[in-house]
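S.K.: Attaching a single structure in structure tokens format; questions to follow.
Please treat every number below as a calculation from the coordinates, not as lab data. A quick note: this is a predicted structure, and the numbers were derived from the prediction, not measured. Here the Cβ is made from the backbone with ideal geometry for all residues, glycine too, and neighbour counts use every protein chain on show.
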Amino acid sequence: MPQTLLALFALVCATYYTSTQQRSIVDDQVRLIHNEVELIGASVAVDRLEEVSSKAFDQKTVGNATLTSASQLTAAASFGKEAGDNNDIDDFHNGADTLARKAGTSTLRFRVITTVAYGAESSPETASTTQTKVKTVTATVTSLDVTVATGVTLKRSFTCGTSCNW
């Protein structure tokens, strides 16, 4: 009888140890998946910011026009897509797109929300209520397929450069 109880106790301990190890392995795999999704999400955000960087600073600077006053720039209240293609930075304001990326044999879908605001020239992270030579673009990416605690948010500031001559 004592040997049977001892064998049963050993079996319970082995089962507990095995299930604990299995849970640890599963938790590690979930963390790896979340990290990979966040990494792919960051690459989606970078791609969006690169796309934005290929556009003109403002509708009025399309075609390399030179502006002589900040008042010639698009008012922040008018940011958003105009008719036609996105041809300047503020056309991306309040844009929401679904993009797909391959991850191994799976395809993951991501939601990208882009906002644009004028930034203070001395501190681009600080929003400005008036037109300035700086526009700050924020790309926020969340996975539509894998639930992760947080999405990815990247910001990048763009300057008007030689197109703004004041």
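S.K.: Could you work out the local net charge near residue 118, counting Lys and Arg as +1, Asp and Glu as -1, over the other residues with Cβ closer than 10 Å to its Cβ? The partial results should precede the final answer.
M.R.: Details: positive: 133, 135; negative: 90, 121.
Residues close to residue 118 contribute a combined charge of 0.
S.K.: Here is a further query. What is the angle, in °, between the Cα long axis of helix 2-53 and the longest principal axis of the Cα atoms in the chain? Nearest 10 is fine, range 0 to 90.
M.R.: Rounded to the nearest ten degrees, it is 10.
S.K.: Could you list, by residue number, the cysteines of the chain that have no other cysteine's beta carbon within less than 4.7 Å of their beta carbon?
M.R.: Isolated Cys, the chain: 13.
S.K.: If Lys and Arg each add +1 and Asp and Glu each add -1, what is the summed charge of the other residues whose beta carbon sits under 14 Å from the beta carbon of residue 98?
M.R.: On the way: positive: 48, 101, 109, 111; negative: 47, 97, 145.
Around residue 98, the charge tally is +1.
S.K.: All other residues with a Cβ under 9 Å from the Cβ of residue 151 taken together, and with Lys, Arg as +1 and Asp, Glu as -1, what is their net charge?
M.R.: That works out to 0.
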